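Trainee: Once you've had a glance at the structure underneath, I'll fire off some questions.
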Amino acid sequence: MKPDEATLVKACLKHDQKACRQLYDSYAPQMLGICMRYARSREAAEDILHDGFIKVFEKLHKLRDTSQLSAWIRSVMVNTALSNYRHERSVEAVTDTIDDDAFFYANDEIYGSIDVEVILRYVQQLPTAYRMAFNLVEIEGYSFTEAAKKLDIGESTVRSNFFRARKILAKQLSELL
């Protein structure tokens, strides 16, 4: 972290509104991109972003290493998106599993040749449970076990939802080519 950012964090902790606005303006565009992956629409992503920054400012005093500010804010945003998902999740969760031969790995070359904005639109169209599993495993790098704990569902369900999401995305994206 740059020395001026450490100073900025200290000013935010003193409730300096100008510093808080500067911190928000510095990180909001990047964090909106993260929120967009978890939301169905830009409006929903902006709501997650707003809620996430409220948590950032409420819990900024808990940040121990200011050099980890960006990663910490990212973690707050992901956790806010997951909290939002758990809150809105319907009573009828996807709980079935799929057979081993149904696991489908998308061709990474497909993803590499398509604009990121197009991929994001398709990710946003995934069923919510699939989108959450896909984002946590594929984008955030969590293991199936870790994702299951974050989503409060079984590991086999996360695995199933993840592979179904990849299958749907691969089919949709391959149709573009």
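Quick note: the coordinates plus some simple rules give every number you see, no bench work behind them. Fair warning: this is a prediction, and the values are worked out from it, not measured in the lab. For neighbour counting, all protein chains shown are included, and Cβ atoms are generated from backbone atoms with ideal geometry for every residue, glycine included.
Trainee: In straight Cα distance, which lysines are under 28 Å from LYS18, not counting same-chain residues fewer than 8 positions off?
Mentor: Candidates past the 8-residue exclusion: LYS2, LYS10, LYS55, LYS59, LYS62.
Trainee: Stretched out fully, how many nm does the piece from ALA6 to ASP152 gain, at 0.36 nm a residue minus the Cα gap?
Mentor: 49.0 nm
Trainee: Under a point-charge model restricted to the Cβ atoms of Lys and Arg (+1) and Asp and Glu (-1), what is the dipole moment magnitude of the range 16-67 relative to its Cα centre, in debye to the nearest 20?
Mentor: For the range 16-67, the charge dipole is close to 140 debye.
Trainee: Pop the C-beta distance of SER70 and SER174 into the FRET formula with R0 = 35 Å and round what comes out to the nearest 0.05.
Mentor: 0.55
Trainee: Suppose R0 equals 22 Å. What FRET efficiency, 1/(1 + (r/R0)^6) with r the Cβ-Cβ distance, do GLN30 and GLU88 give to the nearest 0.05?
Mentor: 0.35
Trainee: Let me ask another. Once label points are set 7 Å from the Cα along Cα→Cβ at both THR145 and ARG121, what is their separation, rounded to one decimal in nm?
Mentor: Between THR145 and ARG121, the simple spin-label model gives 4.0 nm.
Trainee: Relative contact order for the range 1-88: what is it in percent, counting Cα pairs under 8 Å that are at least 6 residues apart?
Mentor: This gives 34 percent for the range 1-88.
Trainee: Subtracting the Cα-Cα distance from 0.36 nm times the residue separation, let me have the gained length for ASP16 to ARG40 in nm, one decimal.
Mentor: Roughly 5.3 nm would be gained on extension.
Trainee: Arrange the following residues from fewest to most other Cβ atoms within 10 Å of their Cβ: ARG37, ARG74, ARG64.
Mentor: The most exposed by this proxy come first: ARG64, ARG74, ARG37.
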